[in-house]
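Quick one: this structure, given as structure tokens, is what I'll be asking you about.
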Amino acid sequence: MFSSHYKYVSEIINQGLEKASLDGVLIYSGHVHNYFLDDMPYAFACNPHFKWMVPITETPHCIIHYKSDSKPILYLYQPKDYWHSLPKTLEGEWSEFFDIIPITCKEDVPDFSDLKNHGWIGQDDSCEFDNLQHNPKKYMDYIHWHRAVKTKYEIESIKKANKLALKGHKAAENCFRKGYSEFESHLAYMLATKHNEYQLPYGNIIAQNENGSVLHYQHMQRFRHQQGSLKSFLIDAGCQVNGYASDITRTYSFDNNDEFAKLIQAVDKMQVKIGKQATTGTNYVDLHTKAHLMIAEILKDFDIIKCDALTAHDTGLTNVFLPHGLGHYLGLQVHDIGGHQKSPAGKIKSPPKLHPFLRLTRTLEKNNVLTIEPGIYFIGMLLEKAKADDLGEYINWNRVDDFKPYGGIRIEDNIVVKKNNPVNLTRE
Ligand code: GLY
Ligand code: MN
Ligand code: MN
């Protein structure tokens, strides 16, 4: 599977080189940065351009020298260092496509200062050669546009990352059912997925009760709620396989038969429905708007708002309850780049004024992979603002008071766009 992936990647890179009038590129895996005044590093995050070609995700200082007319060279960093262990033995189909040259220190890096017409693809402070074009825009835009279409190998990797994450979700939910703390659910997730913190594609969001209303809640409380006061659980957590991420959210009510459980079921049903509409040629902004109208219907059905769906959307009332985009591209990055591009040449299609947080505005293509993650939240700050902005008359405040202790709901799946029947990697 990797060989057809590599074929696609090299075709796109060759075209990108041509667009940018380049003969080749040096793709740098990245390096770590230390904390201020310290010799402790932040976690390493691999350059997505690098892991698109080589599934080595935890090794800094590697460089791929890619030219359209010769076999690429991978300068593989293997320091003679007794402080850390060396990267694991490199096996796999991918290695056939590279001449691999180990480098042990900076001095082993070839002098690239005579290279002509080359780009350097890497983080801001990484290029030490004046002759190299650092992240040339024409090249980057072209690659970012085409990276949105995923190969079989990529889809398979994201599918595996889903499978693994679901083990963690199950373990975390079991902890919640036993009344354990947010932190205990987090630890159960890590154990079940065999991930450590820096291997996670993003920090786990594990929230009980009103913490579920914080979109990227990060604290993981250590205490267990007293019996009777544990109401709800929201978990947004993914895994990585071959450098590809999953990004999955589920919400649970402690009492499977209460009103909040019914509200979850309604969002879940609506989420499946909207996910089935992620088909080739669909404009994602339209899908996002459709999702808002469907959320408005649910809010009305549950007597949380008092106006019709269209009024709720047009006045911005649905944004009070759903203040984020319907979803985003997913792949080598959790929020894969290129979602606002209008063309391979880098023109931008900004999100609509009413929905500034929408990360994806493109028309969907076959084998795009994206998330579908609608929600309903009861966020104090936004509800107070709505009241001050005259939206308060549309809101049934008694119902809001009932639901506020439960925090919020988000249901998030990973979807592969197809002509007719999108593939739901999370549910399947
Ligand atoms: N977990 C981050 C997101 O859903 O976008
Ligand atoms: Mn997401
Ligand atoms: Mn998520």
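Report the Cα centroid-to-centroid distance between region 381-421 and region 15-48 in angstrom, as an integer.
A separation of 39 Å, based on Cα centres.
Could you tell me which GluC sites (Glu not before Pro) in region 86-158 are loop residues by DSSP with no more than 14 other beta carbons within 10 angstrom of their beta carbon?
Glu91, Glu128
Moving on. Once region 96-242 is represented by equal point scatterers at the alpha-carbon sites, with solvent omitted, what log10 I(q)/I(0) does the Debye formula produce at q = 0.14, 0.16, 0.20, 0.22 Å⁻¹?
Log10 of I(q)/I(0), two decimals: -0.85, -0.94, -1.15, -1.27.
If the cut-off is 16 Å between C-alpha atoms, which aspartates and glutamates fall inside it for Lys71, apart from same-chain ones fewer than 8 positions away?
Output for Lys71: Glu11, Asp23, Glu93, Glu96, Asp99.
By Kyte-Doolittle mean hydropathy of at least -1.0 and Cα axial length of at least 30 Å, which whole DSSP H helices of the chain are selected?
Those that pass (Cα extent of 30 Å or more, hydropathy at least -1.0) are 152-177.
Near the amide H of Ser232, under 5 Å away, which other amide H atoms are found, from residues 5 or more places off or on another chain, if H is placed in the peptide plane?
It is Asn209, Phe254, by chain and number.
For region 238-281, just run the numbers: alpha carbon Rg, then divide by 2.2 N^0.38 Å, N being how many residues it has.
The value comes to 1.57.
Hey, another quick one. Provide, in order from the shortest bin, the percent of all Cα-Cα pairs of the chain in each 20 Å bin, continuing until the bin that contains the maximum pair distance.
Calculated over all Cα pairs of the chain, the distribution is 24, 52, 22, 2 percent.
Summarise the long-distance tail of P(r) for region 357-428 by giving the % of C-alpha pairs beyond 18 Å.
Tail fraction, whole percent: 57.
Moving on. Across region 404-416, in residue order, what do the Karplus-derived ³J(HN,Hα) couplings come to in whole Hz, using 6.51 cos²θ - 1.76 cosθ + 1.60 with θ = phi - 60° and x for Gly and Pro?
Once θ is set to phi - 60°, the couplings for region 404-416 become 3, x, 8, x, x, 10, 9, 10, 9, 10, 10, 10, 9 Hz.
Past 25 Å, Cα to Cα, is the threshold; run Lys290/Lys349; Lys159/Lys269; Lys167/Lys231; Lys116/Lys342 against it and keep the listed order.
In this structure, Lys116/Lys342 exceed 25 Å between Cα atoms.
Step through the table entries Lys51/Lys152; Lys7/Lys366; Lys353/Lys385; Lys194/Lys404; Lys300/Lys366; Lys300/Lys419, compare each Cα-Cα distance with 27 Å, and write down the pairs that go over it.
Lys194/Lys404; Lys300/Lys366; Lys300/Lys419
Given the chain, what percent of its DSSP beta bridges are antiparallel, to the nearest 5?
So the antiparallel bridges in the chain amount to around 75 percent.
With runs of 4+ DSSP H residues as the only contributors, calculate the mean residue ellipticity of the chain at 222 nm using -39,500 (n - 2.57) per run, divided by the residue total and rounded to the nearest 500.
It lands at -10000 deg cm²/dmol.
A further question on this structure: Using a/c under 1.5 as the rounded threshold, could you call region 233-360 rounded, prolate or oblate? The axes a ≥ b ≥ c are square roots of the C-alpha gyration tensor eigenvalues, and prolate needs a/b larger than b/c, oblate otherwise.
Judged from the Cα gyration tensor, region 233-360 comes out oblate (a/c at least 1.5, b/c at or above a/b).
A further question on this structure: If every alpha-carbon in region 172-237 counts as one equal scatterer, what log10 I(q)/I(0) does Debye give at q = 0.28 1/Å?
-1.32
Taking the Cα centroid of region 329-349 and of region 277-322, what is the distance between the two, rounded to the nearest whole Å?
Cα centroid of region 329-349 versus Cα centroid of region 277-322: 24 Å apart.
Bear in mind these aren't lab numbers, they're just calculated from the coordinates by the rules spelled out. It should be emphasised that the depicted structure is a prediction, and the values quoted were computed from it without experimental measurement. For neighbour counting, all protein chains shown are included, and Cβ atoms are generated from backbone atoms with ideal geometry for every residue, glycine included.
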